[in-house]
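Structure first, then comments.
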Amino acid sequence: AQSVTQLGSHVSVSEGALVLLRCNYSSSVPPYLFWYVQYPNQGLQLLLKYTSAATLVKGINGFEAEFKKSETSFHLTKPSAHMSDAAEYFCAVSDSGYSTLTFGKGTMLLVSP
Amino acid sequence: DAGITQSPRHKVTETGTPVTLRCHQTENHRYMYWYRQDPGHGLRLIHYSYGVKDTDKGEVSDGYSVSRSKTEDFLLTLESATSSQTSVYFCAISATSGDNEQFFGPGTRLTVL
């Protein structure tokens with residue numbers, strides 16, 4: 001069975017600082033991996049996805065993530081946080097050929113001025 | 001934005017009453033999903049559909065049923081609502097089971113008193 005672990009339910013950074021949100025997965029086959037963002041009172045929006053092409057994936061709003069098979073990780077980064085990045089972020093995994101996603105529990109990103 | 005609507009957007013009901021939530025899509029996507037979101041649990045899959053009249057259970061299906069009689073509509077029914085079903089419910093759609101990128105609706109906030 002596939003699973004996702006997001007380290008840290010809350011992460012606090014200052015505006016302009018590096019953002020690092022951690023995601024580790026377990027999967028018995030090469031996975032597809034996703035990061036979604038949820039702003040208050042809204043649905044989830046796709047930030048980026050890994051589907052076995054390049055291991056470094058660039059997404060919207062300056063975010064990127066690197067797939068590391070040896071570490072079973074797919075951490076999300078952004079070089080410089082902006083106040084508008086404050087939101088909840090979810091990592092998700094899907095085994096290739098399966099039609100469902102398994103989500104992590106989410107990490108709330110707090111950005112202070 | 002993917003054409004996904006959910007109705008109602010907010011509902012308050014009493015324990016023991018039946019409740020039906022509707023998800024409607026205009027994208028003609030094959031796959032549709034119902035999730036619930038609760039603090040500390042992330043998103044958990046309730047049921048999903050891989051075609052008209054084809055549905056399957058997810059992780060937290062007890063107390064819920066679904067129906068899909070048309071491509072564009074996916075209904076979630078709480079047969080006899082309980083307070084533990086107070087949650088935010090999200091519908092999602094996906095065109096394929098390949099990379100399984102899912103698009104989310106705006107959510108329905110359900111309160112069971």
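Pairs from the list A:Lys49/B:Lys57; A:Lys68/A:Lys105; A:Lys105/B:Lys11; A:Lys68/B:Lys57; A:Lys105/B:Lys70 with a Cα-Cα gap above 28 Å: A:Lys68/B:Lys57; A:Lys105/B:Lys70. Among the cysteines of the protein assembly as shown, each has its beta-carbon under 4.7 Å from some other cysteine beta-carbon. Taking the fewest neighbouring Cβ atoms within 10 Å as the starting point, the ordered list for A:Cys23, A:Cys91 is A:Cys23, A:Cys91. Placing dummy labels 7 Å off each Cα toward the beta-carbon, the span from A:Ser80 to A:Lys68 is 2.5 nm. Modelled this way, with points 7 Å down the Cα-to-C-beta line, the labels at B:Glu14 and A:Met108 are 3.4 nm from one another.
Could you estimate the translational diffusion coefficient of the protein assembly as shown from the Stokes-Einstein equation, with Rh from the Kirkwood formula over C-alpha pairs, at 25 °C and 0.890 mPa s, in whole µm²/s? D, rounded to a whole number, is 136 µm²/s.
Out of the range A:1-105, which GluC sites (Glu not before Pro) are coil in DSSP terms and have no more than 14 other C-beta atoms within 10 Å?
Numbers: sites: A:Glu15, A:Glu64, A:Glu66, A:Glu71, A:Glu88; in loops: A:Glu15.
Sites meeting the loop and neighbour criteria: A:Glu15.
When only alpha carbons are used to place a centre, the range B:12-48 and the range A:52-77 end up 29 Å from one another.
Full extension from B:Thr96 to B:Lys53: what is 0.36 nm times the residue separation minus their Cα-Cα distance, to one decimal in nm?
Details: separation 43, 0.36 × 43 = 15.48 nm, distance 1.71 nm.
Length gained between B:Thr96 and B:Lys53: 13.8 nm.
Only the coordinates and a few stated rules stand behind these numbers; no lab work does. Keep in mind the model is a prediction, meaning the values are calculated, not measured. All Cβ positions, glycine included, derive from the backbone under ideal geometry; neighbour counts span all protein chains shown.
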